[in-house]
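Down below is the structure, laid out as structure tokens.
The values are calculated or read from the model by the stated rules, or taken from the named source; none is laboratory data. This one's a predicted model, so the numbers in the text were calculated from it and none came from an experiment. Cβ placement follows ideal geometry from the backbone for every residue including glycine, while neighbour counts extend to all protein chains displayed. Areas reflect the complete protein model, heavy atoms only, side chains present, ligands, DNA and RNA absent. Shrake-Rupley method; radii C 1.70, N 1.55, O 1.52, S 1.80 Å.
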Amino acid sequence: MSQQQYQAEVLDELKQQELTMKTYNDLKTINVNEHTEKKGQLTYLSWAWAVDKLLENDPMATWEFPEPKYFGDSVMVFCNVTALGKTMRMQLPVMDNRNNSIPNPDSRKISDATMRCLAKCIACFGIGLYIYAGEDLPRADIDSILAELGKAKDTEQLTAAYKKAMAECNNDKDLQEQVKQRAIEIKSLFN
């Protein structure tokens, strides 16, 4: 291989990495809350919606499900998703909505867990990843909430923006504290 061919291959690889990162950064800002369902303590992202969104962003994306593994009377399922120039792998135990392993799961339970594993693996590309971190909003939404406070020109606008921001926090105490601190900082600029 000539030096010129090698440099061209390296440049192509760098361009692919840049595209992948840019796409990941775009995908992680998507608010998926309207496409989730709460069951017990867990929030589930619709696998069909996640697949649709992934294919919108990479029509060549593929996935496969390696054979489940049995551990005594419990089962672990697996998924490999190839998209955006790389393959991500994920596993998920067949469990109930309280995170407890289901002993001797039937085919329906294994199938459900497999599709949840697909959604979880797609999240590794950014789509709904924040759900698995226990967050209610993607990071970009949190940043935009705080940015809205910064647009206030006076105390009246700040009060209105503060009320709206607190409503968008969905009772997330950490986020509410961030909003409160930002509002205090901005209010001090008006004095």
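A few remarks follow.
- Simple spin-label estimate for M60 and L11 in nanometres, 7 Å along Cα-Cβ: 1.9
- Proximal aspartates and glutamates to K86, defined as alpha-carbon separation beneath 19 angstrom and excluding residues fewer than eight positions away on the same chain: E9, D12, E13, E18, D26, D52, E56, D58, E64
- Counting only residues at least eight positions apart within a chain, or on another chain, the lysines with an alpha carbon under 24 Å from that of K39 are K28, K53, K109, K120, K173.
- The heavy atoms of F190 present about 70 square angstrom of accessible area, all protein chains included, probe 1.4 Å.
- Longest exposed-site-free window of the chain, the sites being trypsin sites (Lys or Arg not before Pro) in a DSSP loop that have at most 10 other C-beta atoms within 10 Å: 1-97
- Stretchable slack from I184 to E156, in nm (0.36 nm times residue separation minus alpha-carbon distance): 8.7 nm
- Distance in nm between pseudo-label sites at D112 and K163 (7 Å out along the Cβ direction from Cα): 4.2
- Prolate/oblate/rounded call for the chain, Cα gyration tensor, a/c under 1.5 rounded: oblate
- A Cβ-based charge dipole, computed about the Cα centre of the chain with Lys and Arg at +1 and Asp and Glu at -1, lands at about 400 debye.
- Å² per residue, accessible surface of the range 4-89 at 1.4 Å: 69
- Given a 1.4 Å probe and the protein chains as shown, D12 ends up with an accessible area of around 100 Å².
- Proximal charge balance of V51 [Cβ under 14 Å; K/R count +1, D/E count -1]: -1
- Distant-in-sequence amide contacts of G128, defined by a placed amide H-H separation under 5 Å and a gap of 5 or more residues or a different chain, comprise I30.
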